[in-house]
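Here the structure comes first, spelled out in structure tokens, and everything after it is commentary.
Read-outs throughout are calculated quantities, based only on the coordinates presented, and are distinct from any laboratory measurement. Just so we're clear, the structure is a prediction, and the values are computed from it rather than from any experiment. Methodologically, a virtual Cβ is constructed for each residue, glycine included, from the backbone with ideal geometry; neighbour enumeration extends over all protein chains shown.
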Amino acid sequence: MKISMPVDLKSMDTNLCRSFGRAPYFLIYDTESNESVYLDNSAVASQGGAGIKAAQTIVDSDVNVLLTPRCGENAARVLQAADIKIYKSLNSSAKDNIDAFVDNKLSLLDEIHAGFHHHGGK
Amino acid sequence: MKIAVLSGKGGTGKTLVSVNLAAITKNSTYIDCDVEEPNGHLFFKPQNIQLEDISIKIPTVDEKLCTGCRKCVEFCKFNALAYIKDKVVVFDEVCHSCGGCVLFCPQKAMSEREKKIGSIEKGNSENVTVVTGILKPGEASGVPIIKQLIKEVENKEGFTFIDSPPGSACVVMESIKDADYCILVAEPTLFGVHNLQMVHELVKLFKKPYGVVLNKCLNEENLAEKFCIENDISIIGRIPFDHQLGMLNSNGMISVRENDKYRDMFSDILQKVTKEVQREATINP
């Protein structure tokens, strides 16, 4: 199974990025091979629609799940159309989040926000 | 002559100023660009209304022709398109209707469909032509409606008063683009100064001649006035925080049509604006 998450740095010890669409990198972790790959998020400096473009990157990486602190409605629409499950991440490192997911300790993200278009994040 | 009335936030007095200025001018046009909640018509109560639908063009994909090359997805700089499970998905509210995806599709699989986002109402109220833009609730951007509103008055003779949306975002820029003069309406509070600062920066960026109308003036320190003096901004009018004016306004009446006192006050503002525009025309023809 392939797990994806938005990260601030290219490291297993980094915290997950508070923004999905504007995260600098995505970590793709394969639970079978234990391999991790870091992808640049090409949407990081998008004028608009960053969530859509970022979600496209995730979809194109053939992942099964996304662990994220939050997710906007446009990104969620892309991910759900590709049958990618979105889980609410812990306020902790990428490694901790992978462990928590593997141990079945994460729950599905139930709060999809309407986006912060032109208003910045809180 | 096109005069835009703007302010950094709602409730400052844009509609009060633009409605009353239009009402004292012969053969004038009033355009309500505050398309999210237009309210100028509540004062004018225009007659003989003509309605026009406003639509935008949104791409649609013929799945039988699409080969999944993703040229459209790559082209869209607004990221309004995604490609999921062998299908192009269009995000209507992110699309800016540029038509680029349709042009670039090598398979000619994309075409455009019309999507209604609002309407324009045109009517008369005594000496004033009243044009109101109305955005459908839930739609993301009023820019296409404002573009059409401005186009309506492109070659209009006489005075046009543009009641801008609040703030300083795209919709405001669109509404002042063709204006010959901008009136900034400001409240006397610290918050009022902050909002005045925002629109002040905007009109400077657009290199528009402008002046400030101080609204809700009390007989005490006026921070917006102080800001104008410190920044050498011309003050073209002062509207008092006045019970009678408030009553007329909250009853949907146009003060210049009811009372000579207000007629004189707004005539004075209009005279100053006309003078400044003429002076500007001499300096920067």
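With the convex hull drawn over the C-alpha atoms of region A:2-102, the volume per residue is 79 Å³.
Subtracting the Cα-Cα distance of B:Glu258 and B:Leu218 from 0.36 nm times their residue separation leaves 12.1 nm of extension gain. For region B:57-65, the Karplus equation 6.51 cos²θ - 1.76 cosθ + 1.60, evaluated at θ = phi - 60°, returns couplings of 9, 10, x, 9, 10, 8, 5, 6, 8 Hz by residue, with Gly and Pro reported as x.
On a per residue basis, the convex hull of the C-alpha atoms belonging to region B:63-108 measures out at 68 Å³. Our coupling estimate for region B:112-122, obtained by passing each phi through the Karplus curve with A = 6.51, B = -1.76, C = 1.60 and θ = phi - 60°, is 10, 10, 7, 10, 6, 10, x, 8, 10, 10, 10 Hz, Gly and Pro reported as x. Against chain A, whose longest principal axis comes from its Cα atoms, helix A:50-60 is set at around 40 degrees.
Can you compute the label reach from A:Asp60? Point 7 Å from Cα along the Cβ direction, backbone N cut-off under 11 Å, restricted to region B:75-100. Under 11 Å, as judged by backbone N against the label point of A:Asp60, lie B:75, B:83 of region B:75-100. Annotation: amide H-H contacts under 5 Å for A:Tyr87 (H modelled 1.01 Å from N, sequence separation of 5 or more, or interchain): A:Leu66, A:Leu67, A:Thr68, A:Leu109.
Mean partner shielding of peptide A:52-64, defined as the number of other chain Cβ atoms within 10 Å of each residue Cβ, is 3. Going 7 Å from the Cα of B:Lys226 in the Cα-to-Cβ direction, what parts of region B:185-200 have a backbone nitrogen less than 18 Å from that spot? Flagged as within label range: B:186-198. Computed from the Kirkwood radius of its Cα pairs, the Stokes-Einstein diffusion coefficient for region B:72-185 at 10 °C and 1.306 mPa s stands at 94 µm²/s. Rounded to the nearest 20, the size of the Cβ-charge dipole of region B:161-285 about its Cα centre is 220 debye, with Lys and Arg at +1 and Asp and Glu at -1. The magnitude of the dipole of region A:46-112, with charges of +1 and -1 set on the Cβ of Lys/Arg and Asp/Glu and taken from the Cα centre, is near 140 debye.
Taking the Cα centroid of region B:263-285 and of region B:51-98, what is the distance between the two, rounded to the nearest whole Å? Their Cα centres are 47 Å away from one another. Computed on the Cα trace of the protein assembly as shown, the radius of gyration divided by the Kirkwood hydrodynamic radius gives Rg/Rh = 1.09. Go ahead and collect, in residue order, the members of region B:253-285 whose backbone nitrogen is under 14 Å from a label point 7 Å along the Cα-Cβ direction of B:Lys207. Residues B:281, B:283-285 qualify, since their backbone N sits under 14 Å from the label point. Calculated mean residue ellipticity, 222 nm, the protein assembly as shown: -9000 deg cm²/dmol, from DSSP H runs (n ≥ 4) at -39500 (n - 2.57) each, averaged per residue and rounded to 500.
Residue by residue along B:74-83, Cβ atoms of other protein chains within 10 Å of the local Cβ number 6 on average. On full extension, the segment bounded by B:Glu74 and B:Lys275 gains 67.2 nm, given 0.36 nm per residue less the C-alpha separation. Only helices at least 18 Å long along their own axis, judged from Cα atoms, and with Kyte-Doolittle mean hydropathy of -0.5 or greater: name those in chain B from DSSP H. Flagged H segments are B:190-205.
Size descriptors for region B:1-139: radius of gyration and Dmax over Cα atoms are 20.7, 62 Å. Among B:Val213, B:Pro59, B:Ile269, pick out the residue whose Cα is farthest towards the positive end of the charge dipole of chain B, where Lys and Arg carry +1 and Asp and Glu carry -1 on C-beta, about the Cα centre. Checked the options; the winner is B:Pro59. Look at where the Cα atoms of region A:59-119 and of region B:145-180 average out, and the two centres are 43 Å apart. Cα convex hull, chain B: 150 Å³ per residue, rounded to a whole number.
Dipole magnitude for region A:1-107: about 460 debye, using +1 per Lys or Arg Cβ and -1 per Asp or Glu Cβ, origin at the Cα centre.
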